[in-house]
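The values are calculated or read from the model by the stated rules, or taken from the named source; none is laboratory data. Because the structure is predicted, anything quoted here is derived from the model rather than measured. All Cβ positions, even for glycine, are placed from backbone atoms using ideal geometry, and neighbour counts span all protein chains on display.
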Amino acid sequence: MREVWIVGVGMTRFGRLSEYGVREMAEEAVFDALKDAGAKPSDMEIAYCGTEAMGPDTPMLVGQIALEQMGIKGIPITNIANACGSGSNAVREAWLALQSGLYDVAIALGVEKLTSPHPDMFQLLSRLGGADLMLEGCMGFFPPGVFSMAALKHMELYGTTREQIARVAVKNNYNGSLNPKAHYQKPVTLEDVLNSRPVSYPLNVLDCCPISDGAAAVVLCGADVAKRFTGTPVRMRAAAQKSGTYKDDMDLNADTTRRAAKEAYEMAGLGPEDIDLAEVHDCFTFAEIQHYEDLGFCKHGEGGRFVEEGHANIGGKVAVNSSGGLLAKGHPLGATGPGQVNEVVEQLRGKCGKRQVAGARIGMTHNGGGFRHGDTGIVVSFILEKLK
Amino acid sequence: MNQPTKGVLVDSKFFARRPDGTVEVVGSRCKKCGRVYFPRKRVCVDCLEWNGVEEVPLSKKGKLVSYSISRDPMRGFPIPYAFGYVMLPEGIMLYSLFTDCEPYEEKLKIGMDMEMVIDYLMTDRWENDVICYKFRPAQGGSGSQAA
């Protein structure tokens, strides 16, 4: 397998960016990524754009339009819509293109415009979550419900407490308060979470990620051509992707993450004990508890205790969502995955200031998306390593 | 509970209407290996014979896998409303709304026996009543009230 390095990353702040459209967000993220890499637009040989393209402000050919803003044009540009995993899917396709040997340098962009005064926005947001519309969407299905059901089952089976679940929001909002690019930059208390507005029993509004705008970009190349660029490189040890199997096995939303993690660890020749930090898909507080277990950071059923005892904190066993995660950094669907890669790369470079994970050498991302029949539609996981 | 027979089915692919007007939820069963599918297919993915399946009504009893109670007013239902997954004996897990079990937090218990009913779901944009399956806690005894 060809060795692939990430040589440049860039992203906008995530949040309600009313002054930004898709073009302006992409311009900023791509500019930063190219500058970080020490690359010119004409160095890019192939590009992928991850966007769920849900908003009325998002055009067809969004990748072509957004990348042209920074002079990236004429090359193959592929748009990828794969629910909340669209952006990681784009990064993985870029990695595959480099693996093929046909291309030496690639850029992956994720961009999403979800806040808008457009009257159709409300209707479009009700599609979020990617359920099988006729079967589940007509019957009151919505994303917080999925993880609420999984949470109640976990509480019943393992004695996980409501307070342990709320701790995830406390931790991630604290991390977000140290991240100038986060949507929410204010710490919250356990009481704030427990007393916030109920959304889907047992989860409240502070258990849910916000709806955000944002863009993030990643420049990748074969290690053999990396000397063309000046950005501090990070090695990609694994890029795994799986879709759901919809097994009717009551194992709500867990199996796809487990299979993606297994492939990622095997590809990297590493295990969960080697991971210093992880950006995981905490669309809801309970989701993060499930991911600790399915990524192997703790035993099955011990996710609640893992966060309660501080093992997921910056400075704990695995720093989980040092950026603030989806809960605080925000969740602009297509930009979320490349945003996770931004955080892990900057952590491995030692550039994260107050939220820096000391001595970080190996980082992981986990980006899920969509629900169908009690299972996750897509999971992508990367393992990145600091070069010695 | 008087179960409606009139009304528009939420999606006709998931149901069959019987001659007496009653409505059943149906899937497909492979004529060769007996595997049951829901939603229905025209081919068993193991046996790969086109139209090698027959229509089969799904079980009307199952066990509650998990549930939640929504307080989101954007979904078109009066809040709060309860929903979750029910596991049927044939190994099919059905997403469903729940009825006849308020207050939900007290009446719903993971693992409890549930039974299917046909119930009013909503009014569509042409003012038709839309009907759909729902589940409620099993009433015990004869179970004759189940659809």
Inset, instruction - Inspect all residues belonging to the stretch A:228-248 and state whether any of them is outside the structural domain of A:Pro117 (by TED's automatic domain parsing), farther than 20 Å from A:Ile46 by Cβ and without any contact (Cβ under 8 Å) to a residue 24 or more places away in the chain. - result: no
Legend entry - Filter result for the condition that a residue is facing chain A (nearest Cβ under 9 Å), hydrophobic (A, V, I, L, M, F, W, C), more than 26 Å from A:Val199 (Cα to Cα) and in contact (Cβ under 8 Å) with a residue 40 or more places away in the chain, over B:Ile118, B:Ile110, B:Ile92: B:Ile92
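Condition check ((1) of a type in the set (A, V, I, L, M); (2) farther than 21 Å from A:Lys186 by Cα) across all residues:
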site: A:Cys298; (1), (2): no, yes
site: A:Gly303; (1), (2): no, yes
site: A:Glu308; (1), (2): no, no
site: A:Gly316; (1), (2): no, yes
site: A:Ala319; (1), (2): yes, no
site: A:Ser322; (1), (2): no, no
site: A:Leu327; (1), (2): yes, no
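Does the stretch B:62-73 contain at least one residue that is farther than 23 Å from A:Met155 by Cα and more than 16 Å from the chain's Cα centre (by Cα)?
Of the stretch B:62-73, the ones farther than 23 Å from A:Met155 by Cα are B:73.
If we keep only those that are more than 16 Å from the chain's Cα centre (by Cα) as well, we get B:73.
Looking through the stretch B:62-73, at least one residue is farther than 23 Å from A:Met155 by Cα and more than 16 Å from the chain's Cα centre (by Cα).
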Legend entry - Failed item, numbered, when B:Gly62 is tested on (1) outside any loop (DSSP other than H, G, I, E, B); (2) facing chain A (nearest Cβ under 7 Å): (2)
Inset, instruction - Could you tell me whether the stretch A:222-229 includes any residue that is assigned to a helix (DSSP H, G or I) and surrounded by 21 or more Cβ atoms within 10 Å (Cβ to Cβ)? - result: yes
Inset, instruction - Could you check how many residues of the stretch A:51-66 are free of Cβ contacts under 8 Å to residues at least 40 places away in the same chain and either touching a Pro at 6+ places or on another chain (Cβ under 7 Å) or not in a loop (DSSP other than H, G, I, E, B) (or both)? - result: 1
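Please go through the stretch A:247-270 and pick out each residue that is more than 14 Å from chain B (Cβ to nearest Cβ) and assigned to a loop (DSSP other than H, G, I, E, B). Outline the logic, then answer.
Taking the stretch A:247-270 as the starting set, the residues that turn out to be more than 14 Å from chain B (Cβ to nearest Cβ) are A:256-270.
The answer is A:Gly269, A:Leu270.
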Inset, instruction - Check B:Glu127 against each of (1) in contact (Cβ under 8 Å) with a residue 24 or more places away in the chain; (2) away from chain A (no Cβ under 12 Å) and name the one condition it does not meet. - result: (1)
Inset, instruction - Inspect the stretch A:288-304 for any residue being in a helix (DSSP H, G or I), crowded, with 24+ Cβ neighbours inside 10 Å and free of Cβ contacts under 8 Å to residues at least 40 places away in the same chain and give the result as yes or no. - result: yes
